[in-house]
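Participant: For reference, the structure I am asking about is given below.
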Amino acid sequence: MNIKKYLLNEKVIISLFSVLISLVIAAIVMIVIGKNPLVAYAALFYGAFGTKEAIIDNIMKASPLILTGLAVGFGFRAGLFNIGANGQVIIGALLSAYVGTLVGAYPFFLSIPLVMIAGMLGGAAWAAIAGWLKAYRGAHEVITTIMLNYVATFIANYVVNGPFQAPGGVPKSPSIAYSAQFPNIMSVGATSLSTIIFVSLAAIVVIYVIIQRTTIGYEVKAVGFNPYAAEYGGISIGKNVVLAMAISGALAGLAGTTQVVGVYGRYFGALSGSMGFDGITIALIGQNDPIGIALAAFLISSIRTGSNQMQIAGVPKDLVVIIQGIIIFLVAANRIIKTIRIRKRKEAEA
Amino acid sequence: MNEWIQAILNVFTNPTFYKSTLTQSTPLILAAMGGVFSETTGVTNIALEGIMLMGAFGGVMGSYFTGNPWYGLALGTFFGLAMAALHAWASIKYGADQIISGTALILLAQGITGFALVELFGQPGSTDLVRSIPLVDLGSFKDVPFFGQIFGNLSPFVYMAFASVIFGWILIYKTKLGLRMRSVGNNPEAADTLGINVYNVRYFGVIMSGLFAALGGAYLSIGELGQFTTNMTNGRGFIALAAMIIGNWNPVGAMSASLLFGGATAFNNQLQSQSVLNLSTNTQYIFGMIPYIITLIVVAGFIGKSRAPSADGIPYIKE
Amino acid sequence: MEKVDYSKYAVVMKGITKRFPGVLANDHVDLFVKKGEIHAIVGENGAGKTTLMSQLYGLIRPDEGKIYINGVEKQIRNPNDAIEAKIGMVHQHFMLVDRLSVVENIVLGQEPVKGPFFDLGRARKEIRELSKKFGLLVDPDAIIEDLPVGMQQRVEIIKVLYRGAEILILDEPTAVLTPQETNELFEILKNLQKQGRTIILITHKLNEVMAITESVTVMRLGKVTGVVKTAETNPNQLANMMVGREVLLTVEKEKAHPGEEILQVKNLVVKENRGIEAVKGLSLSVKKGEIVGIAGVAGNGQTELTEAITGLRRVESGKIIFKGEDITNYSPKRRREMGMGHIPEDRLKHGLIKLFPVYYNFILGEHDNSKFSDGIFLKIEEIKRFSEELVKRFDVRPPKIDLLGMNLSGGNQQKVIVAREIAFNPMLMVVSQPTRGLDVGAIEFIHKTLISMRDKGIGILLVSMELEEIFSLSDRILAIYEGRIMGETTPDKTTPEEVGLMMAGHKLEDIRQEA
């Protein structure tokens, strides 16, 4: 692909502008509360890239975000807004953790695929509920996936406070078998770089191929672009809505798995964090393109990783959520940016 | 089995259940009314959740700084209106994808409230306690058995919620503006050819939704509790949206559905606390998911019987 | 500058120019409409008639040019200005709010009020009076979506009169009417003319122009190509001005050689979206190598019929038999595999995916055919080779298979669809409105293609709202009215008038008995 053409693509420009404008607005907020944005951003940058630990932490944060970004992005391709990646992460992680506790007797080349499959199936099934409700009951996936997020949270809380609780009365699951844990590439102090990043990188390739090269990708895109024409062309809308949700959910579930097998070694309540919502931001910045999503995931992971340093510098880290909100807002209302650009061009001409 | 029947009977004969139904429904009714206003004019508003959150936070903030909860209410309302105005600006003027814009505003609300919480109160999680809006004391009516216990001491928000339903119904179905709202939500092009300013009517609908949803949110914080906690809306904005759908985009229908949801939650809470059942602590999680599951089932079952305004969610762009 | 007295004209538009991205929609157009006359603006689709009238009604603003109403120059910036200048417009696609009542639609924007409330009673009364005065009877409390099209049009006309319009613009008002309803409309228009109204009629049907108007402005490709008095012209001359060359109104074809029956539809019942029966026990058959034309006014069940045959809509009862097999409950995909092609009515809705490149559109419906897919992966090279071939064979322009579907003109989009459907050697082709919105050249091409398909032994079921198309292509004609077939005939044994009567709900045997 021609890189220059890629960079000058309107979609890319919109994403870049959205990120830029949101950082400027955040800077203004900092000035208002009496903080120096340059200092804060420097802290943020240092927190994300300044040390080996930071870089490792950054990559580890990016790994699941790539997956949830791909999950939301794949849904968008089919015209579906999977706002429920969080729930799918939870269910995927829970199932992975459960299977992970059972496979102690197996060698790693069996147990690792088993926990991954469990996570993907869990996420896929959870998302497929929303897909089925959409396809055959007409219920909007935004409402159903949100409700499923809450239900997933309650289920997880129930099991780690009861049937699947680690000894000692703490609300977390028992640890998974050693054979199911992903090996680390390197460790610096308490921070370890796990091989889970390769799962995410492989997922980028797989999703890219599915979208661009396969019959399934063709059908899913057809349904997303024009369900009427898809149906006319003999493509089952219902089947593809369920399938697209399931693939999307499988990716989110896999994100959950990575946290269990590569980071915590068990399930616990806050594991999913805000990965689902981050996935939306990432898919939108990445314009649903697998490579764009990978880049966007690193952007968001950098902001998130650096936000701790920023907080130490006196700016509450919730600011990054505001930044994300503004980015999504601007991508949604991309005509705002187009209008600004046209105005500028006109001024330049005049 | 018998203890369950006993427990359920206990719940239904206890006025607390009915009062709790009203208070649980109040934020839902207000937010659902917001949804009705916005979507009647053809703008989908999933940002209700975010608007409620801002309303809740503004309520506490205003009350905290002035010591007067009514100023809090004013500030919360203002925040809600500002959020709605942003949504309106993006979706009406710039033809944004309304669901994505709504999502952005939900994130924005979470970010702003989280950020401001730390900035103003010094710690994440929850704010200090502030004065809440005083309850409406019906005096000697309180002593009427049963009904007195339900209605004797309600928050003014409860009355506001029901007033908003009457107001919404009259405005939408009995006034010229309401006729225009309905026309713009169903066929903006037709309205445009008759010289109706589609954009202005839509702005009105969306901004009104900000007002109502913010009131619903403010009830959560300064209605009775007097405190804001992180993400305290807990999906109520989405449940309100579901109530609006089940209620067929009609104020009275949305109110009925909200009462159903509120009743289910109240029933849940009351049932859990029945000592005859002797429930272990983690059953709270099972009970907790019930309202969400009910929403799922109801949304799946009622679609098709209810019809959204024809142009709901579709930006109107001239030329 | 010369001063001209325009006072005897209700409308004068001078030098109107309107550019859209890539198109010059109106190029220095002049229009003169005398007070109290019925004036036709004729031209092909895309000639710029509607654009011109949209500027008169303030929906869009001209880039250049001036507008004079009753001799006075007026700035018409929006519909409000137009309404104030006593101009009203009945749009081709009715501008009615489906879920509101007749009275609510009529008064919308100029609602009578009582205090803070909308005064429904007064609105109802005013409309009854208007109805009576102009002979336009309609139930004020009916909901629009429950009314037949003819009634909806009346609502549109009352809506315009309610606003006190002296100048009425009607855009293709007869497109959705039966010949009988058309006559009723013309009575109404003449009545309005008697009461002093000026009427501008946009149309491309020349017989209507001859029947009712006093003068005509002809447009082609954004320009005025002729202004004539109706009494001094004839349809052929008008047609020449419209298309700029002699029109071939007939299609050359040999006699058909029908083979065995390939499609049978028996007592078919199908519901439309709102759950009302749209096809009511309809039966028909198509043989190999013949074209069966279904004539009818839009909205009489044609859409539901073709969707049911092609599997896009559920059948309530009855049977569809294709190649001797009962396919009533088969999926669209299975019907396709059996050899059923479909050129859909709405090409942008069903036929084409605008955001897919042309080569993806060429395999829609056959994307999982072993020729293009090994079951998992698409054979992209093969797909592209196949597409290049079709582009050449059907002369799709521009001949670039990477172009997105949305970037083709309507005619070329239709070529892509037709090419695709033919490429897979169907035995039956269900064809709906194949030439709607196309220019003359593309129409000719599509017509020739359909005839040559027939000659290769393909059975064709043709649904069209254009009676002319039905007559020139069909070997047998069926007329549909409210979901039922009113009679069957052949083009050489009938007349457009007779088919028109069937389209209006008269059974063929009754018509012939009366005659």
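The values are calculated or read from the model by the stated rules, or taken from the named source; none is laboratory data. Only a predicted model underlies this, so the values are computations on that prediction, with no experimental measurement involved. For neighbour counting, all protein chains shown are included, and Cβ atoms are generated from backbone atoms with ideal geometry for every residue, glycine included.
Participant: So A:Ser274 fits all but one of (1) in contact (Cβ under 8 Å) with a residue 24 or more places away in the chain; (2) at the interface with chain B (Cβ under 8 Å from one of its Cβ atoms); what number is the exception?
Facilitator: Result: A:Ser274 fails condition (2) only.
Participant: Let me ask something else. Which one is nearest to the other protein chains (Cβ to nearest Cβ), of the residues in region B:202-244 that are among the β-branched types (Val, Ile, Thr) and crowded, with 24+ Cβ neighbours inside 10 Å?
Facilitator: Filtering first and then ranking leaves B:Ile239.
Participant: May I pose another question? Is one or more of the residues making up region A:28-36 within 22 Å of the chain's Cα centre (by Cα) and either under 21 Å from A:Ile280 (Cα atoms) or surrounded by fewer than 15 Cβ atoms within 10 Å (Cβ to Cβ) (or both)?
Facilitator: No, region A:28-36 contains no residue that is within 22 Å of the chain's Cα centre (by Cα) and either under 21 Å from A:Ile280 (Cα atoms) or surrounded by fewer than 15 Cβ atoms within 10 Å (Cβ to Cβ) (or both).
Participant: Step by step: first the residues of region C:232-248, then only those that are surrounded by 13 or more Cβ atoms within 10 Å (Cβ to Cβ) and polar (S, T, N, Q), then the one that is modelled with the highest pLDDT. Which residue is that?
Facilitator: C:Thr233
Participant: So which residues in region C:302-313 are assigned to a helix (DSSP H, G or I) and either in contact (Cβ under 8 Å) with a residue 40 or more places away in the chain or small (Gly, Ala, Ser) (or both), if there are any at all?
Facilitator: The answer is C:Gln302, C:Thr303, C:Glu304, C:Leu305, C:Thr306, C:Ala308, C:Ile309, C:Thr310.
Participant: Within the bounds of region C:88-104, is there any residue that is of a type in the set (Gly, Ala, Ser) and within 18 Å of C:Ala10 (Cα to Cα)?
Facilitator: Yes: one or more hits.
Participant: Same structure again: Give, as residue ranges, the helices (runs of 4 or more DSSP H) completely inside region B:61-151 that count at least 3 residues that are within 14 Å of chain A (Cβ to nearest Cβ) and buried (at least 17 other Cβ atoms within 10 Å of the Cβ).
Facilitator: Qualifying helices (runs of 4 or more DSSP H): B:69-88, B:98-121.
Participant: Which condition does A:Gly233 not pass, out of (1) within 30 Å of A:Ala97 (Cβ to Cβ); (2) crowded, with 24+ Cβ neighbours inside 10 Å; (3) small (Gly, Ala, Ser), if it passes all the others?
Facilitator: Going through (1) within 30 Å of A:Ala97 (Cβ to Cβ); (2) crowded, with 24+ Cβ neighbours inside 10 Å; (3) small (Gly, Ala, Ser) one by one, A:Gly233 breaks only (1).
Participant: Examine region A:81-104 for a residue that is over 22 Å from A:Thr153 (Cβ atoms), over 18 Å from the mean Cα position of the chain (by Cα) and not in a helix (DSSP H, G or I), and state whether such a residue exists.
Facilitator: There is at least one residue in region A:81-104 that is over 22 Å from A:Thr153 (Cβ atoms), over 18 Å from the mean Cα position of the chain (by Cα) and not in a helix (DSSP H, G or I).
Participant: Looking only at region C:124-166, which residues are among the small types (Gly, Ala, Ser) and not in a helix (DSSP H, G or I)?
Facilitator: Of everything in region C:124-166, those that are among the small types (Gly, Ala, Ser) and not in a helix (DSSP H, G or I) turn out to be C:Gly135, C:Ala142, C:Gly164, C:Ala165.
Participant: Let me ask another. Which ones in region A:286-311 are under 18 Å from A:Arg77 (Cβ atoms) and in contact with a Leu (Cβ under 7 Å, 6 or more places away or on another chain)?
Facilitator: Matches in region A:286-311: A:Gly286, A:Pro290, A:Ile293, A:Ala297.
Participant: If you take the residues in region C:348-379 that are in a loop (DSSP other than H, G, I, E, B), within 7 Å of another protein chain (Cβ to nearest Cβ) and touching a Ser or Thr at 6+ places or on another chain (Cβ under 7 Å), which one is surrounded by the fewest Cβ atoms within 10 Å (Cβ to Cβ)?
Facilitator: Per the stated criteria, the residue is C:Ile376.
Participant: Out of the residues in region C:314-337 meeting the condition of being more than 10 Å from chain A (Cβ to nearest Cβ), part of a loop (DSSP other than H, G, I, E, B) and not hydrophobic (A, V, I, L, M, F, W, C), tell me which one is surrounded by the most Cβ atoms within 10 Å (Cβ to Cβ).
Facilitator: Taking the candidates together, the pick is C:Thr328.
Participant: Also: Could you tell me whether any residue of region C:429-436 is in contact (Cβ under 8 Å) with a residue 24 or more places away in the chain and charged (D, E, K, R)?
Facilitator: Yes, the conditions are met somewhere in region C:429-436.
Participant: Against the condition within 22 Å of the chain's Cα centre (by Cα), of a type in the set (D, E, K, R), more than 28 Å from C:Asn369 (Cα to Cα) and part of a helix (DSSP H, G or I), how does C:Glu509 come out, does it pass?
Facilitator: For C:Glu509, the condition - within 22 Å of the chain's Cα centre (by Cα), of a type in the set (D, E, K, R), more than 28 Å from C:Asn369 (Cα to Cα) and part of a helix (DSSP H, G or I) - is not met.
Participant: Which of (1) away from chain A (no Cβ under 11 Å); (2) assigned to a loop (DSSP other than H, G, I, E, B) does C:Glu345 not meet, given it meets every other one?
Facilitator: So the condition that C:Glu345 fails would be (1).
Participant: Those residues that are among the hydrophobic types (A, V, I, L, M, F, W, C) and out of contact with any helix residue (DSSP H, G or I) (no Cβ under 7 Å at 6 or more places or on another chain), I need them from region C:462-502; list them, please.
Facilitator: Answer for region C:462-502, where residues must be among the hydrophobic types (A, V, I, L, M, F, W, C) and out of contact with any helix residue (DSSP H, G or I) (no Cβ under 7 Å at 6 or more places or on another chain): C:Met465, C:Ile470, C:Leu478, C:Ile485.
Participant: Pick from C:Met89, C:Met95: which is in a strand (DSSP E or B), buried (at least 16 other Cβ atoms within 10 Å of the Cβ) and at the interface with chain B (Cβ under 10 Å from one of its Cβ atoms)?
Facilitator: C:Met89
Participant: Every residue in region C:53-68 that is surrounded by fewer than 21 Cβ atoms within 10 Å (Cβ to Cβ) and more than 9 Å from chain B (Cβ to nearest Cβ), please.
Facilitator: C:Arg61, C:Asp63, C:Glu64, C:Gly65, C:Lys66, C:Tyr68
Participant: With the structure loaded, tell me whether A:Ala124 is in contact with a helix residue (DSSP H, G or I) (Cβ under 9 Å, 6 or more places away or on another chain), on the phi < 0 side of the Ramachandran plot and in a helix (DSSP H, G or I) or whether it fails that test.
Facilitator: yes
Participant: Can you list the helices (runs of 4 or more DSSP H) lying wholly within region A:134-239 that have 2 or more residues being over 20 Å from A:Met120 (Cβ atoms), away from chain C (no Cβ under 14 Å) and touching a Phe, Trp or Tyr at 6+ places or on another chain (Cβ under 6 Å)?
Facilitator: Fully inside region A:134-239 and qualifying: A:141-160.
Participant: For region C:258-299: of the residues being closer than 30 Å to C:Val440 by Cα, out of contact with any helix residue (DSSP H, G or I) (no Cβ under 8 Å at 6 or more places or on another chain) and assigned to a loop (DSSP other than H, G, I, E, B), which is modelled with the highest pLDDT?
Facilitator: C:Lys288
Participant: Going through region B:284-308 one residue at a time, which ones are within 8 Å of another protein chain (Cβ to nearest Cβ) and buried (at least 16 other Cβ atoms within 10 Å of the Cβ)?
Facilitator: Result: B:Tyr285, B:Ile286, B:Gly288, B:Met289, B:Tyr292, B:Thr295, B:Leu296, B:Val299, B:Ala300, B:Ile303.
Participant: Just wondering, is there one or more residues in region C:397-411 that are within 14 Å of chain A (Cβ to nearest Cβ), within 20 Å of the chain's Cα centre (by Cα) and in contact (Cβ under 8 Å) with a residue 60 or more places away in the chain?
Facilitator: The answer is no; no qualifying residue exists.
Participant: Out of curiosity, is C:Phe94 of a type outside the set (A, V, I, L, M) and in contact with an Asp or Glu (Cβ under 8 Å, 6 or more places away or on another chain)?
Facilitator: Spelling it out, C:Phe94 is indeed of a type outside the set (A, V, I, L, M) and in contact with an Asp or Glu (Cβ under 8 Å, 6 or more places away or on another chain).
Participant: Separate question: Just give me the residues in region C:1-12 being modelled with pLDDT of 80 or more and either in contact with a Phe, Trp or Tyr (Cβ under 8 Å, 6 or more places away or on another chain) or among the charged types (D, E, K, R) (or both), in sequence order.
Facilitator: C:Asp5, C:Tyr6, C:Lys8, C:Tyr9, C:Val11, C:Val12
Participant: Filter region C:380-396 for residues that are out of contact with any helix residue (DSSP H, G or I) (no Cβ under 6 Å at 6 or more places or on another chain) and closer than 26 Å to C:His447 by Cα; which is nearest to the other protein chains (Cβ to nearest Cβ)?
Facilitator: C:Phe386
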